[in-house]
Amino acid sequence: MTRLKIRQVLCHEDNYAVLLHDEKSGETLIVDTPEAGPIMEVLETEGWRLTHILNTHHHHDHVEGNLALKEKYGARIHGPALNREQIPGLDVALKDGDRIALGEYRIDTIAVPGHTLGSVAFYVCDERILFAGDTLFSLGCGRMFEGDAETMWHSLDLLRHLPDETRLYCGHEYTLANGEFALTVEPGNAALAERMEQVRKLAAEGKPTLPSTIAQEKATNPFLRPESMEIRKTLGMKAVENWRVFGELRQRKDQF
Ligand code: ZN
Ligand code: FE
């Protein structure tokens with residue numbers, strides 16, 4: 001039985017910060033800090049002391065609460081080495097493959113350039129939990145602010161090869177809007193239609209659509225499905241590399 005407790009904290013309009021608490025060691029980490037207030041509220045309610053802050057990338061809506069949380073709890077801040085200048089209060093600069101310990105749990109850093117060049121994802125191997133930041137969303141993916149299509153596709157391809165049962169946590173609640181686009185490029189995907197029915201219901205009830213799973217995303221998320229003949233037909237791209245299909249999808253989504 002797992003000793004890890006997980007709390008998804010909604011910040012601002014649609015940002016998620018995720019708390020992970022290890023009951024045995026008493027250590028607690030947060031992935032991204034869109035704003036300190038709501039995160040502190042959950043920490044106080046649960047009686048948890050924050051020990052680790054993990055930043056997936058340097059964008060303001062992922063690091064804004066860093067300093068306030070560090071000051072209050074003395075948590076150590078971990079983030080991509082490439083953005084050490086932009087991440088407030090950074091203590092530990094991470095590179096691909098670096099490991100972070102939360103009690104006896106091991107968390108792997110996976111470099112996923114594309115949304116930003118420094119973007120990283122965090123993977124709790126023993127529990128199969130992935131924190132993808134703004135790289136992979138449910139039914140979508142982040143915009144390419146710094147990387148090109150080939151780079152970002154390579155990052156998404158890494159993530160889709162994680163075990164099927166891996167639980168996916170993301171930086172934003174964008175699933176409903178992402179799904180509306182997904183339906184336009186792969187209207188015949190029954191798994192997608194079914195997922196959207198569920199997503200619409202959750203959204204109407206004001207409930208989170210996350211976490212998702214890697215298996216679910218591989219079946220429904222067009223950005224992980226460049227091999228789909230239906231998507232290729234929609235785009236009019238037959239015999240081309242996956243990254244080109246991905247790039248075309250990303251461009252269409254930007255204009256959607
Ligand atoms: Zn971002
Ligand atoms: Fe963001």
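Okay, here's what the table says:
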{"item": "Carbon/sulfur fraction of accessible area - the stretch 175-254, other protein chains in place, 1.4 Å, %", "result": "53"}
{"item": "The stretch 4-169, accessible surface, carbon-and-sulfur percent (1.4 angstrom probe)", "result": "46"}
{"item": "Under 5 Å, built H, 5+ apart or other chain: amide partners of Ser212", "result": "Leu168"}
{"item": "Sum of -39500 (n - 2.57) over DSSP H runs of 4+, divided by residues of the chain (222 nm, nearest 500)", "result": "-10000 deg cm²/dmol"}
{"item": "Overall form of the stretch 74-139 per C-alpha gyration tensor (a/c, 1.5; a/b vs b/c)", "result": "oblate"}
{"item": "Residue-wise HN-Hα coupling along the stretch 222-232, computed from phi with Karplus coefficients 6.51, -1.76, 1.60 (Hz; x: Gly, Pro)", "result": "x, 6, 9, 10, x, 7, 4, 5, 5, 5, 4"}
{"item": "Pair His60, Glu230: separation of 7 Å Cα→Cβ label points (nm)", "result": "4.0"}
{"item": "Contour minus Cα-Cα distance for Glu13 and Lys207 (0.36 nm per residue)", "result": "68.5 nm"}
{"item": "Equivalent-ellipsoid semi-axes of the stretch 175-254, from the Cα gyration tensor, Å, largest first", "result": "24, 11, 11"}
{"item": "Residue with peak Gaussian network fluctuation, the chain [Cα springs, cutoff 10 Å], from Gly97, Gly142, Gly206", "result": "Gly206"}
{"item": "Listed pairs Lys24/Lys70; Lys5/Lys72; Lys24/Lys207; Lys70/Lys201; Lys24/Lys218 exceeding 27 Å between Cα atoms", "result": "Lys24/Lys207; Lys70/Lys201; Lys24/Lys218"}
{"item": "Residue with peak Gaussian network fluctuation, the chain [Cα springs, cutoff 10 Å], from Phe181, Phe246, Phe145", "result": "Phe145"}
{"item": "Fraction of alpha-carbon pairs over 30 Å apart in the chain - percent", "result": "25"}
{"item": "Heavy-atom surface of the stretch 130-255, accessible at 1.4 Å and reported per residue (Å²)", "result": "44"}
{"item": "Share antiparallel - DSSP beta bridges, the stretch 4-169, percent rounded to 5", "result": "70"}
{"item": "The chain: most fluctuating residue of Leu19, Leu43, Leu54 per GNM, C-alpha cutoff 10 Å", "result": "Leu43"}
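The values are calculated or read from the model by the stated rules, or taken from the named source; none is laboratory data. Small disclaimer: the values here were computed from a predicted structure and weren't measured. As a convention, Cβ positions derive from the backbone with ideal geometry for all residues, glycine included, and neighbour counts pool all protein chains shown. Areas reflect the complete protein model, heavy atoms only, side chains present, ligands, DNA and RNA absent. Shrake-Rupley method; radii C 1.70, N 1.55, O 1.52, S 1.80 Å.
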